[in-house]
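To start, the structure under review is shown below, and the notes come after it.
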Amino acid sequence: MSDCSLLPKGTDLIRAVKYIGEHHCHDARSLNEVAFRFDLNPLDQQFILEHFIEQPESKPPAK
């Protein structure tokens, strides 16, 4: 998280989410790099991994 006391809590997460949307980062490696770039705490990093990682499309079961 940012050491600047002028910024409200969660500002780093908000910036990270905007960055993810602008740069289409949706794989685990890219999301971990975003977490590092914005110095996210472990809970915020877990949040972006759970909500922004694209899951491979599942194929319907073969009959």
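The values are calculated or read from the model by the stated rules, or taken from the named source; none is laboratory data. Here the structure is a predicted model, which is why all the values come from computation and not from measurement. In this analysis, Cβ positions are derived from the backbone assuming ideal geometry, glycine residues included, and neighbour counts consider all displayed protein chains.
Some notes on this structure:
- The range 15-27, residues that are loosely packed, with under 12 Cβ neighbours inside 10 Å and not charged (D, E, K, R): 21, 23, 24
- Among the residues of the range 22-35, the ones that are in contact with a helix residue (DSSP H, G or I) (Cβ under 9 Å, 6 or more places away or on another chain) and either in contact (Cβ under 8 Å) with a residue 40 or more places away in the chain or in a helix (DSSP H, G or I) (or both) come to 7 in all.
- Selection count where residues are exposed (fewer than 14 other Cβ atoms within 10 Å of the Cβ), among the charged types (D, E, K, R) and modelled with pLDDT of 90 or more, scope the range 40-63: 1
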